[in-house]
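Chemist: Input: one structure, supplied below.
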Amino acid sequence: HFVFLKPLLGLVLIHKSVVTLLWIGITREERVNFAFYKSMSDITNAFAIASGAVPGALSRFYLTELSKTKFGHKFPYATFVINLTGCLAMGFFFTISEGITGYPTELDLLIRTGFLGSYTTFSTYGFDTLTLWRSKQTSVTAFYWAGSAVLGVVAVILGIAIANLLINYAKHPIPNS
């Protein structure tokens, strides 16, 4: 029913076959060893995230470049559109993952953590805010919602200040006494 997921499922299936190939030459005792299984699971998860992160980052980059060419630099159209489409995709894929029995964890990691994580972190911010809101934690929700935006800008200003201090120090080092 979800034909649009087929290319993504293919990546996960290819990944699973790669992981399966890693099992060749490993004894049965090693296969049942929990620590070994856990490390295979970690490899699977890391590969799924990385497989989504590259296309997410490239999508963000090329959409930003296209936006600059089409609309100029007066308003951050690309960031605005990327953040909103990322939120839309986060809500969509969360609902899909909750609604399908047996939805592969690796696919969720590929899409929501890998692709959307590198495409935009705003989608996670929107999703986390909604999750807090649904848990009826009004004060925590308000702090997270407003605090992320305000403290995010403060953090950018602080980062600029620290970088400027380091650049200034590199240009004019304090002489040794």
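The values are calculated or read from the model by the stated rules, or taken from the named source; none is laboratory data. Note that the structure is predicted; figures quoted are calculated from it, not measured. FYI the Cβ positions are ideal-geometry reconstructions off the backbone, even for glycines, and counts take in every protein chain you see.
Chemist: Quick one: which residue in ARG134, ARG112 is surrounded by 10 or more Cβ atoms within 10 Å (Cβ to Cβ) and among the charged types (D, E, K, R)? Spell out how you get there, then give the answer.
Modeler: On the way: ARG134 fails: surrounded by 10 or more Cβ atoms within 10 Å (Cβ to Cβ).
Within the list ARG134, ARG112, the selection yields ARG112.
Chemist: Out of everything in the range 100-139 that is outside any helix (DSSP H, G or I) and not polar (S, T, N, Q), what residue ends up being nearest to ILE49 (Cα to Cα)? Lay out the reasoning, then the answer.
Modeler: In the first step, residues of the range 100-139 are kept if they are outside any helix (DSSP H, G or I); the result is 100-104, 120-121, 135-137.
Still in the list and also not polar (S, T, N, Q): 100, 102-104, 136.
Values: ILE100: 20, GLY102: 19, TYR103: 16, PRO104: 13, LYS136: 31 Å.
Ranking the qualifying residues of the range 100-139, first place goes to PRO104.
Chemist: In the set THR138, THR131, which member is polar (S, T, N, Q) and closer than 22 Å to LEU88 by Cβ?
Modeler: Numbers: THR138 fails: closer than 22 Å to LEU88 by Cβ.
When all the criteria are applied, what remains is THR131.
Chemist: While we're here: At pLDDT 50 or above, in a loop (DSSP other than H, G, I, E, B) and surrounded by 12 or more Cβ atoms within 10 Å (Cβ to Cβ) - does that describe any residue in the range 52-72? Reasoning before the result, please.
Modeler: We begin by selecting, within the range 52-72, every residue at pLDDT 50 or above; these are 52-72.
From what's left, in a loop (DSSP other than H, G, I, E, B): 72.
Imposing the further condition that a residue be surrounded by 12 or more Cβ atoms within 10 Å (Cβ to Cβ) reduces the set to none.
No: the range 52-72 contains no residue that is at pLDDT 50 or above, in a loop (DSSP other than H, G, I, E, B) and surrounded by 12 or more Cβ atoms within 10 Å (Cβ to Cβ).
To keep it simple, each residue is scored yes or no on (1) closer than 20 Å to PHE47 by Cα; (2) touching a helix residue (DSSP H, G or I) at 6+ places or on another chain (Cβ under 7 Å).
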| position | (1), (2) |
| --- | --- |
| THR95 | no, no |
| LEU107 | yes, yes |
| PHE122 | no, yes |
| LEU130 | no, no |
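Chemist: Looking at ALA142, ALA146, which one is farther than 30 Å from PHE47 by Cα, surrounded by 13 or more Cβ atoms within 10 Å (Cβ to Cβ) and at pLDDT 90 or above?
Modeler: Numbers: ALA146 fails: surrounded by 13 or more Cβ atoms within 10 Å (Cβ to Cβ).
Only one candidate passes the filter, namely ALA142.
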